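*Asks:* Quick one: the structure is below, and I'll ask about it shortly.
The values are calculated or read from the model by the stated rules, or taken from the named source; none is laboratory data. Computed from a prediction, not measured in an experiment: that's the story for all the values here. As a convention, Cβ positions derive from the backbone with ideal geometry for all residues, glycine included, and neighbour counts pool all protein chains shown.
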Amino acid sequence: MPEIKGRIVVYSIIGCPHCMRAKGTLQSLDLPYLDISVDNYPAAVREEVQTRTGSTTVPQIFFNARYIGGNSELQELVKDKPRLDAAIQDLVDNEPPSDAPQPPDPSLMKNPDIGNLDFTCELDEYALLVRDLKASGLIKDHRSGLKVHKKSFTGKEFVDWIVKTKQVDRAKAVEMGQALLEQRFGHNIKGNVTEFRDEDTYYRLMEDDESSALNSGLSSECEPRPAGELSEYMRRLILSIYADYLSPDGKGVDYKGIGESKKFNLYKKTTAELVRLDMDRLSREEKLAFFINIYNALVIHANVQVGPPTNLWQRYKFFNVVSYIIGGQVYSLQDMENGVLRGNRKGLGMLSRPFGGKDPRLKVSLEKVEPLIHFALVCGAKSCPPIKTYSADDIDNQLRLAGQAFLESEDGCQVNLSSREVKLSKIFKWYREDFGSNKHEVLQWLCDLMTDSQKKSDLAELLSGKNYRLSYLPYDWAVNSK
């Protein structure tokens, strides 16, 4: 390949399979390219790409000022050798003109390198107290009648120990016990008592609870980070890991390789910080971004640590059992999706709502369902929307763009004007009530969301006549692993 004067620009996002395929094709052709990951830059960069291309999807590829399109258009170009040779020759002969996409200012990058394996934090003073408590011998199995409280201690035992070792009076010792509860290091074994008492009342550290949550048994000695900040860090870290082990053709993920990586060990350590988060004062936007990011990260974590589900029963168990402890409460994937993000609505196969009237998690639930979450949650199967990440400060716009991108794809929506037929992802069948009360309302909702395109025009024409058929596309539950 002769020296190239021009420039190929690929706009992408981290962990995007179609982006990986496009970049892999360019590499196979020995064509150098500039990869601009738009999720690392302010919204203005994404808006510029959309203005130039008329599309909300990635990748978007330019040869100098010539707009090639997405991955499918690049593959079509590669099949047409005379047209490909002409495009390459133009790159060889000509420098990028003034109207070609310009590289964004590196100083605007929001997400620099992630995954500091030597991460340290400000130690929490009560975390150090817990460290001493665990070494004291106070924590043991206690028998109360016929019942055994494993790995527990009584309020009186704790106060006696504090008075003796910390040289304080009993009132101050009770205050310290109360602080342990409020900072979610421990809890009353009965679960419904929030007051620390200097008596034979049993308490247990959160990390000693018997739970199948993937971050159970872990503890963090760090000062708690705000939920949004922690979510941002975790989603960047897990996507960095995901991208490292996404196959060159973008069609599979090496989950075994992820499990053996140092970055993944750092990720698992970080999940301990979820246990003590304060979830009570999050805004709607913060809840959306937090639980979408954590849901998507948990799916990857579970595929690595537990293994992906391969049949109907395993999928049911996967979504109902795979969980994290967040703010002292256990949230399964089902709880996050249906309990929080869908405003406590029943999910597939559920006979009742996820959270009952006295469930403390109910106060975290959104007041009403946000339909756009269905374009953001990633289940690990091949038919799920592609993984992306979300920030509270721009969540509604990001979700809208994710929905538009999903509907632009053939996996999300197909419109055939000649046969007067619309085919949708089964997501719209399973969760129809989130989009409308009947098929016409659902399709009108989708039409309103779509960007201006031939597909939107065709759908609008079908809806105006109301004489059309609606069917659903096969859903590929095959796991996206290598």
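*Asks:* Look at the stretch 210-225 and say how many of its residues are crowded, with 17+ Cβ neighbours inside 10 Å and without any contact (Cβ under 8 Å) to a residue 60 or more places away in the chain.
*Replies:* 2
*Asks:* Within the stretch 322-361, which residues are in contact (Cβ under 8 Å) with a residue 60 or more places away in the chain and either among the aliphatic types (A, V, I, L, M) or outside the structural domain of ILE300 (by TED's automatic domain parsing) (or both)?
*Replies:* Within the stretch 322-361, VAL322, ILE325, VAL330, LEU348 qualify.
*Asks:* Next up: Look at the stretch 226-264 and say how many of its residues are without any contact (Cβ under 8 Å) to a residue 60 or more places away in the chain, surrounded by 18 or more Cβ atoms within 10 Å (Cβ to Cβ) and under 21 Å from ARG281 (Cβ atoms).
*Replies:* Residues meeting the conditions: 1.
*Asks:* Is at least one residue of the stretch 193-206 closer than 18 Å to TYR295 by Cβ and either among the hydrophobic types (A, V, I, L, M, F, W, C) or in contact with a helix residue (DSSP H, G or I) (Cβ under 8 Å, 6 or more places away or on another chain) (or both)?
*Replies:* no
*Asks:* I've got another one for you. Among the residues of the stretch 73-80, is any in the same structural domain as THR201 (by TED's automatic domain parsing) and modelled with pLDDT of 90 or more?
*Replies:* No, every residue in the stretch 73-80 fails to be in the same structural domain as THR201 (by TED's automatic domain parsing) and modelled with pLDDT of 90 or more.
*Asks:* Filter the stretch 281-302 for residues that are among the charged types (D, E, K, R) and in a helix (DSSP H, G or I); which is farthest from PRO360 (Cα to Cα)?
*Replies:* GLU285
*Asks:* Would you mind finding the one in LEU407, LEU446 that is assigned to a helix (DSSP H, G or I) and modelled with pLDDT under 95?
*Replies:* LEU407
*Asks:* Just the residues that are within 18 Å of ALA87 (Cβ to Cβ), of a type in the set (D, E, K, R) and crowded, with 20+ Cβ neighbours inside 10 Å, please, taken from the stretch 22-69.
*Replies:* Listed by number, the list holds a single entry, LYS23.
*Asks:* Which residues, taken from the stretch 332-351, are of a type in the set (A, V, I, L, M, F, W, C) and within 19 Å of the chain's Cα centre (by Cα)?
*Replies:* So the first thing to find is which residues in the stretch 332-351 are of a type in the set (A, V, I, L, M, F, W, C), and the list is 333, 336, 340-341, 348, 350-351.
Result: LEU333, MET336, VAL340, LEU341.
*Asks:* Ok, one more. If you check GLU76 against the conditions, is it surrounded by fewer than 17 Cβ atoms within 10 Å (Cβ to Cβ) and closer than 23 Å to TYR390 by Cβ?
*Replies:* When the stated conditions are applied, GLU76 does not pass them.
*Asks:* Consider LEU26 carefully, then state whether it is part of a helix (DSSP H, G or I) and either of a type outside the set (D, E, K, R) or under 26 Å from THR389 (Cα atoms) (or both). Break it down into steps so the answer makes sense when it comes.
*Replies:* Numbers: part of a helix (DSSP H, G or I): yes; either of a type outside the set (D, E, K, R) or under 26 Å from THR389 (Cα atoms) (or both): yes.
Yes.
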